[in-house]
Structures are given as structure tokens and as C-alpha cells.
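Notes follow the structure.
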Amino acid sequence: MRKKLIYWLFEHSQRMYIKFKNKKPWGITSSQLLKYPEGTFGNELGSFLNKNGFELLPKVERHDAYRLITGYGTNVEDEIALQYLCFGNGKRSLYLFGVVIIGTLILPEFANYYLKSYKLGKKCNPFHHLDYQKLLNHPLEDLREIIFNKQQILQIQ
């Protein structure tokens, strides 16, 4: 029931967030991403989207990029943990703060997971500011190696 509440909050707050987000959409579909060479970030992102039945959300495409690069899933606790990781990595936004605060209050049983994610974000190289659209041709593993050390990469896979 609590997870359903968070899903509902995500769905409704997401539309508002996108409406006021001041970014240009990529204008790329998952089928277009699948045309990138195998092993590239673009192709892997397209595969991830197809596997989960998603399309990139305009103006917030980097969110799925974060998920793919970090290995976080799409369930509620992973969504919240991903925001903790981004917070630890230096990202700051009103939406992030809202997810962290509300998610922690509604699902406190995952506090250790959230803390671990925050600490991982602090330890890895900054990634929240990258222009992921320009990185679609690069191998996913190369991007991961730039962001994470070898031990962290093993945890992702």
C-alpha cells in the first residue's frame, strides 16, 4: 500500500516536474536507441527501456541514463536509493529532495540501503552533470569505468 502511494506520487509529480523543467528533449525513441552499435550506451539504454516497457521521458532522459549506468532497478526502493546516490554525488534539485524526504518517511525500512547508496554517490566520480545524449555512441562499460572504481563496478553488475 505504501509503495503504491509512492508510485502514485511519482506519476503525478513527474508530469509537473517535466512541465517546468527548462531542458530541450532529446527526441529519441527506444527503437532509435537500439540502432546504436551493440555495447554502446545508446543501444544498452534502448534495451533497458524495451525490457521495462518504457520510453524516455522528454526533458528528464538522464534519469534512465542514471539507472542504466548505476545498475539501479525500477522498483520504488531503487528509485529512492538512486536519488540518494545522486544526492551523494552532488546533484541538487527540489524534486530530489522531495523524493528523499517523502520516500524515507514512507519506506523507512530501506534506510540502510539509502545510506549505502548515498555513500556510494560520495565515493564515485561526479556523473550527474554529464550530457548523456552526447555519450550515446560510447561503450557503456567505458562510462562506468570513468564513474566507478573496479570494486564498485562489480557491485553494479
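The values are calculated or read from the model by the stated rules, or taken from the named source; none is laboratory data. Just so it is clear, the model here is predicted, and its values are computed rather than measured. All Cβ positions, glycine included, derive from the backbone under ideal geometry; neighbour counts span all protein chains shown.
Tallying residues that are among the β-branched types (Val, Ile, Thr) and closer than 15 Å to His63 by Cβ within the stretch 75-129 yields 4.
Of Asn52, Asn75, all but one fail to be in contact with a Ser or Thr (Cβ under 8 Å, 6 or more places away or on another chain) and either under 23 Å from Phe110 (Cβ atoms) or exposed (fewer than 13 other Cβ atoms within 10 Å of the Cβ) (or both); the exception is Asn52. Screening Val76, Val60 for residues that are in contact with a Leu (Cβ under 8 Å, 6 or more places away or on another chain), among the aliphatic types (A, V, I, L, M) and at pLDDT below 95 leaves exactly one candidate, Val76. Among what's in the stretch 4-27 and is closer than 30 Å to Asn137 by Cβ and out of contact with any helix residue (DSSP H, G or I) (no Cβ under 8 Å at 6 or more places or on another chain), pick the residue that is modelled with the highest pLDDT. Among those residues, the one meeting the criterion is Gly27. The criterion of at least 1 residues that are touching a residue at least 60 places away in the same chain (Cβ under 8 Å) and not β-branched (Val, Ile, Thr) is met, among helices (runs of 4 or more DSSP H) falling completely within the stretch 47-147, by 62-70, 76-88, 94-106, 140-147.
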